[in-house]
Amino acid sequence: MTTSPNNTEDVAWERFCGLMTVDLTAVGDNYRRLTSETRGREVAAVVKANAYGLGAARVAPALARAGARKFFVAQLDEGIALRPVLDAVQTGCDIFVLNGLVPGAAAEYPLHNLQPVLNSLGEVEAWQRFIADRKTPPPAALHIDTGMNRLGLSPRELDVLADTPERLRGVLLSYLLSHLACADELGEAKNTQQRIAFVAALRRLPAVPASLANSSGIFLGHDYHFDLARPGAALYGVNPTPSRPNPMLQVLRLQGKILQIREIDAPQTVGYGAAHRARGPMRVATVSVGYADGFFRALSNKAKAWIGDDMVPVVGRVSMDLITVDVTAAPPGVAVVGAWVDLLAPKDGLDSLAETAGTIGYEVLTALGPRYHRVYRDH
Ligand SMILES: *Cc1c(COP(=O)(O)O)cnc(C)c1O
């Protein structure tokens, strides 16, 4: 028996490792949820890494329809690819490139209507040189490091810039931004320290709009919202408040399908390394997803899967293209060849799978890989 979910009737789904369903309506609802949290302060959408693996070409337009007008990518080429996608659905969107200026490529930013996020004095200098002979300077953002020690002007560089304002002469700054290191930890002193350092930095630089909060930062309170928040993960269903229930809607559904069923008995074993030993008669279903599809090997003998409402545990090692699940307890006729197996629990499945794998929802999303058939739902 072969079952096909009704949204894939005309797809030869047997060719794919599984089915990845992205709920664009939930993405839009999550965007609006964050907008209500910031009480009127603007909310951008971070769509770097192909919208956290979900597909920027579909996700970014959905966010624009929900009201987003500012978008952040990590790399220049991500911005170049995103520009026509956004222009096709919404005029006047700004795209910022977080990783800054690519050496020798300054001209490509205004050419594609992108803004670099300048991350060092060297980048400020290169940008100033580039715009010197242009009639109207294209805008850029400036990143101040307030304790992440990753990107942005260091405290020493900030001192230099504040003491020699001519370094910004002719530069049209759109935003001053900084990034929080511990925003997902409520009550963490570093959040307050970074906010105070950011406010102090803003006072020493030209008065332009400011941006600090990522997804979790939005939930630290209105003090953290400034003029623009920059959520990514929360838009895609990751819980921005890990110590509390998830305020976001789940966006992703992930399904593999049963390729074979084995009836085995003790003392047989399942999979590589004989890592699961049958204690008695059992039915094992082999499912079409593996670590090459982002179902991490660390989930071996640990993850849970679902057939309908029935939980079926993953047994044995996760291999490259396959997992094995114990379907002994599933009702007759349910765990059959061709049946779909859900790999995420209906609510908060993304975060719980990540936790089981010893990682975070961000990594689960960006690891999903190209072998799923992708379905986008907008209802
Ligand atoms: C990735 C990133 C964000 C978005 O972070 P989330 O935790 O996914 O909301 C915001 N700002 C910067 C600088 C980033 O690198």
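Just a few scattered comments:
- Residues being modelled with pLDDT under 95, among the small types (G, A, S), out of contact with any strand residue (DSSP E or B) (no Cβ under 7 Å at 6 or more places or on another chain) and within 22 Å of D23 (Cβ to Cβ) are entirely absent from the range 272-288.
- Candidates are the residues of the range 129-159 that are open to solvent by 80 Å² or more (accessible area, probe 1.4 Å) and within 16 Å of the ligand (Cβ to nearest atom); the one that is nearest to G104 (Cα to Cα) is R150.
- In the set (1) in contact (Cβ under 8 Å) with a residue 60 or more places away in the chain; (2) near the ligand (Cβ under 9 Å from one of its atoms), H225 fails one condition alone, (2).
- Any hit, the range 134-153, residues being of a type outside the set (K, R), without any contact (Cβ under 8 Å) to a residue 40 or more places away in the chain and farther than 29 Å from S215 by Cα: yes
- In the range 27-66, residue least open to solvent (accessible area, probe 1.4 Å) [restricted to those that are closer than 15 Å to V238 by Cβ and among the basic types (K, R)]: K48
- Matching residues in the range 228-265 - criterion: being away from the ligand (no atom under 12 Å from the Cβ), open to solvent by 50 Å² or more (accessible area, probe 1.4 Å) and either outside the structural domain of A339 (by TED's automatic domain parsing) or not acidic (D, E) (or both): S243, R244, P245, L249, Q250, R253, L259, Q260, R262
- Taking each residue of the range 205-221 that is more than 12 Å from the ligand (Cβ to nearest atom) and looking for partners that are of a type in the set (D, E, K, R) with beta-carbon atoms closer than 8 Å, six or more apart or interchain, yields P209/D227; A210/D227.
- Annotation note: of A162, A181, the sole residue that is away from the ligand (no atom under 16 Å from the Cβ), in contact with a helix residue (DSSP H, G or I) (Cβ under 9 Å, 6 or more places away or on another chain), in contact (Cβ under 8 Å) with a residue 12 or more places away in the chain and open to solvent by 10 Å² or more (accessible area, probe 1.4 Å) is A162.
- Among strands (runs of 3 or more DSSP E) entirely within the range 269-365, having at least 1 residues that are under 19 Å from G237 (Cβ atoms), touching a residue at least 40 places away in the same chain (Cβ under 8 Å) and of a type outside the set (D, E) singles out 304-307.
- Total residues in the range 319-346, condition open to solvent by less than 40 Å² (accessible area, probe 1.4 Å) and of a type in the set (A, V, I, L, M): 11
- Subset of the range 94-119 [in contact with a strand residue (DSSP E or B) (Cβ under 9 Å, 6 or more places away or on another chain), small (G, A, S) and open to solvent by 30 Å² or more (accessible area, probe 1.4 Å)]: none
The values are calculated or read from the model by the stated rules, or taken from the named source; none is laboratory data. Please read these numbers as outputs of a predicted model, since none were measured by experiment. Note: ideal-geometry Cβ built from the backbone for every residue, glycine included; neighbour counts use all protein chains shown. Heavy atoms of the whole protein, side chains included, go into the accessibility calculation; ligands, DNA and RNA do not. Shrake-Rupley method; radii C 1.70, N 1.55, O 1.52, S 1.80 Å.
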